[in-house]
Each structure stands twice: as structure tokens, then as C-alpha cells.
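The values are calculated or read from the model by the stated rules, or taken from the named source; none is laboratory data. The model shown is predicted, which means the values in this text are computed figures rather than measured ones. Here Cβ is always computed from backbone atoms with ideal geometry, including for glycine, and neighbour counts include all displayed protein chains. Areas reflect the complete protein model, heavy atoms only, side chains present, ligands, DNA and RNA absent. Shrake-Rupley method; radii C 1.70, N 1.55, O 1.52, S 1.80 Å.
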Amino acid sequence: MTSKSIRDPKQDHLLTPENCAFLLIDYQPAQVNSLNSGSRAEIIHKIVVAIKAFKYYHIPIVLSTVNVETGRGKETIPILKQALGDTKSYDRTSINAFEDEEFHDAVLATGRKKLIISALWTEACLSFPTLDALKEGFSVYPLVDTVGVTSKLAHETALRRLEQAGAELTTFNQVICELQRDWSRTDTVPGFTDALYGADMFLDTRKSE
């Protein structure tokens with residue numbers, strides 16, 4: 001049982017810790033409380049696990065909120081803020097995060113051409129930056145089990161549009177397995193197993209919203 005040599009992690013066509021960044025957009029109270037396309041608590045639990053896993057693999061995280069500085073919106077919900085630690089947040093007024101100069105510059109500054117993205121809602125704050133990023137030549141991976149919107153129809157229709165545009169829909173379990181890739185990479189096995197099994201352990205997070 002001999003694994004092949006590790007492929008160039010920056011040029012690999014699959015996701016690696018060295019070739020991707022994670023975009024996290026608008027996990028704020030109003031957006032979370034309006035979710036009806038899936039279980040709010042399960043979505044928030046999964047995104048918390050995802051944040052911790054991506055930090056473990058040292059993947060750049062670009063965080064954004066909308067309308068906090070204008071007073072129309074509130075900050076990222078506390079349970080996510082705790083998991084994010086000192087991650088810088090880019091506040092904006094644009095619904096499309098890619099139309100905000102600071103956020104867009106932060107994405108470019110990562111130097112990564114593969115973007116894993118989670119945003120609320122699916123039909124707007126996930127869809128618009130995904131479509132723009134695809135147009136700019138990025139490969140984009142919407143993390144479908146961490147996103148949602150006000151109805152199942154809106155969620156499913158938005159994902160269909162993104163897939164038709166070239167986005168590669170994925171789930172957290174698929175991504176974490178793709179990042180790890182081989183059990184012989186023993187340095188990251190403990191964090192990998194914590195993330196993989198933690199993602200499937202339902203935790204009621206509603207009190208933290």
C-alpha cells in the first residue's frame with residue numbers, strides 16, 4: 001500500500017489547502033432568522049464546523065457583512081464570530097460582495113483561484129459573487145449544506161442557475177475529504193476526523209443566533 005507522491009498542491013485540479021480560499025458572507029441575525037429552506041440550527045452547526053476546519057488547514061478566510069456600519073444590519077452571529085477569532089470582516093452596502101472594492105481586493109490578495117463560498121441568502125449574496133467570480137476566471141465551489149434562503153424553491157432554483165453557469169456544487173464532507181485526500185498524511189488526520197465526524201453530529205445552536 002504505497003500512495004503516489006503528493007501532486008503539486010498549488011496546481012492540483014482538486015481542492016488543496018494551498019490552492020483555495022473560503023468566502024463567508026452575511027451570516028447575520030436577520031438572514032439566519034429568515035431561513036426556511038432547511039434547518040437553521042443544522043446549517044449554523046455545519047458552518048461552525050467548516051470555519052474551524054478551514055482554519056485548521058490554514059485556508060484563507062474572507063469574511064463580509066452587509067449594512068452593519070449603516071446601522072441597518074447586525075454583526076456576524078456570535079457563535080460564528082467565536083469560531084472566526086480575529087478574522088477581519090469587510091462591511092459593505094452592496095448585495096453583491098464582489099461589487100465591494102475592499103472585499104474584492106481581499107479575495108484577490110489571497111492569490112487563490114479556487115473559491116469555496118458560503119453565503120446567506122442562496123439567491124442573492126451567494127449567487128451574485130459566485131457569478132462574478134466565475135466571470136473573472138475563478139473556480140467556485142458553493143458549499144450547499146451551509147447555505148439557504150426563505151424557501152426551498154428559491155434555494156434550489158438559485159443553485160441550478162449557479163451550476164449551469166459553471167459553479168461546482170459541493171458539501172462540507174466532500175470538501176474536507178478532498179483537502180485531506182490520504183490517511184497517510186498523518187499530521188492533519190486528527191483535525192480531519194474531528195471535522196468529518198463533528199459535521200454530522202447535530203448540535204442545537206439556536207440559542208446562539
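Descriptive notes on the structure:
- Accessible area in square angstrom per residue, the stretch 1-140, 1.4 angstrom probe: 48
- Full extension of the chain segment joining residue 157 with residue 75 gains 26.7 nm, where the gain is 0.36 nm per residue of separation less the Cα-Cα distance.
- The HN-Hα couplings worked out from phi for the stretch 15-20 by the Karplus form 6.51 cos²θ - 1.76 cosθ + 1.60 (θ = phi - 60°) are 5, 9, x, 8, 10, 10 Hz, whole numbers, x standing for Gly and Pro.
- Contour minus Cα-Cα distance for residue 197 and residue 58 (0.36 nm per residue): 48.1 nm
- Solvent exposure ordering (accessible area, 1.4 Å, most first) of 86, 200: 86, 200
- Set of lysines near residue 4 by C-alpha distance (under 27 Å), chain-local residues within fewer than 8 positions excluded: 55, 113, 114
- Normalised Debye scattering of the stretch 73-202 at q = 0.14, 0.21, 0.23 Å⁻¹ gives log10 I(q)/I(0) of -0.74, -1.43, -1.49, counting only Cα atoms as equal scatterers and leaving out solvent.
- Annotation for the stretch 58-120: GluC sites (Glu not before Pro) lying in DSSP loop with at most 11 further Cβ atoms inside 10 Å of their Cβ are 69.
- Cα-derived Rg to Rh of the stretch 5-145, Kirkwood definition: 0.95
- With every protein chain in place, the stretch 44-93: carbon and sulfur % of accessible area (1.4 Å): 49
- When peptides 45-56, 104-115 are sorted by average Cβ neighbour count within 10 Å, with the highest value leading, the order is 45-56, 104-115.
- Over the residues of the chain, the helix contribution to mean residue ellipticity at 222 nm works out to -11500 deg cm²/dmol, using -39500 (n - 2.57) for each DSSP H run of at least 4.
- The portion of the accessible surface of the stretch 112-196 made up by carbon and sulfur, rounded to a whole percent, is 52 (1.4 Å probe; DNA, RNA and ligands excluded).
- Sequence-distant residues sharing a close amide H with residue 150 (under 5 Å, placed H): 36
- Residues with amide H under 5 Å from that of residue 91, placed H, sequence gap 5 or more: 65
- Structural descriptor for the chain: relative contact order 28 percent, calculated from alpha carbon pairs under 8 angstrom and at least 6 residues apart.
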